[in-house]
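Some notes on the structure that comes next.
The values are calculated or read from the model by the stated rules, or taken from the named source; none is laboratory data. Source: prediction; values computed, not measured. Using ideal geometry, Cβ is built from the backbone for each residue, glycine included, and neighbour counts are taken over all protein chains shown.
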Amino acid sequence: MKISKVTPILVVDAIEPCLALWTGPMGYTQIVGVPHEYRLGFVLLVNEGAGEVMMQTRASVAADLALELPPACILYMDVPSLEGALAATMIVAPIVPPRTTFYGAREAFLPRRRDASRKPRYPR
């Protein structure tokens with residue numbers, strides 16, 4: 001499986017208190033901001049020399065993934081084919097089956113480790 005880019009999504013309680021550090025001394029620029037419950041729920045930050053970092057609030061992740069305890073970090077990976085990547089990783093069942101986001105991206109969420117009790121929730 002070819003992975004062309006990996007971007008961490010830092011899961012935080014609130015994004016606003018973190019922005020001054022990231023957009024100040026760390027030199028990142030906020031490219032995207034998505035609201036959730038009247039506050040920022042997600043941001044994409046870019047630094048020309050260092051790459052991308054995303055932040056998403058725990059509340060936004062919990063609502064998006066229907067998890068009681070959201071993870072501390074999620075890795076977002078760009079791959080040429082989502083279906084090819086899922087076929088290559090069929091030893092784990094997705095937490096969220098393939099879907100298209102409101103901005104047109106195709107995505108799925110895989111767990112960090114194999115859980116034999118979980119079955120794939122999408123057709124093979």
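Listing for the model above:
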{"read-out": "Tabulated pairs, the range 1-27, first under 30 Å from residue 85 (Cβ atoms), second surrounded by 12 or more Cβ atoms within 10 Å (Cβ to Cβ) and small (Gly, Ala, Ser), C-beta under 6 angstrom, 6+ apart or interchain", "value": "1/85; 1/88"}
{"read-out": "Hits in the range 17-38 - residues which are surrounded by fewer than 16 Cβ atoms within 10 Å (Cβ to Cβ) and either more than 18 Å from the chain's Cα centre (by Cα) or of a type in the set (Phe, Trp, Tyr) (or both)", "value": "17, 20, 21, 23, 24, 25, 26, 27, 29, 37, 38"}
{"read-out": "The one condition in (1) at pLDDT below 95; (2) over 25 Å from residue 106 (Cβ atoms); (3) β-branched (Val, Ile, Thr) that residue 9 fails to fulfil", "value": "(2)"}
{"read-out": "Positions within the range 98-124 being out of contact with any strand residue (DSSP E or B) (no Cβ under 6 Å at 6 or more places or on another chain), surrounded by 11 or more Cβ atoms within 10 Å (Cβ to Cβ) and either at pLDDT 75 or above or in the same structural domain as residue 51 (by TED's automatic domain parsing) (or both), in sequence order", "value": "99, 105, 107, 110"}
{"read-out": "Given (1) modelled with pLDDT under 85; (2) surrounded by 11 or more Cβ atoms within 10 Å (Cβ to Cβ); (3) among the aliphatic types (A, V, I, L, M); (4) farther than 20 Å from residue 8 by Cα, index of the condition residue 87 fails", "value": "(1)"}
{"read-out": "Residue that is surrounded by the most Cβ atoms within 10 Å (Cβ to Cβ) [pool: residues in the range 59-75 that are of a type outside the set (A, V, I, L, M, F, W, C) and within 12 Å of the chain's Cα centre (by Cα)]", "value": "60"}
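To keep it simple, each residue is scored yes or no on (1) in contact with a Ser or Thr (Cβ under 7 Å, 6 or more places away or on another chain); (2) of a type outside the set (D, E, K, R); (3) assigned by TED's automatic domain parsing to the domain that holds residue 74.
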residue: 14; (1), (2), (3): yes, yes, yes
residue: 17; (1), (2), (3): no, yes, yes
residue: 21; (1), (2), (3): no, yes, yes
residue: 37; (1), (2), (3): no, no, yes
residue: 47; (1), (2), (3): no, yes, yes
residue: 57; (1), (2), (3): no, yes, yes
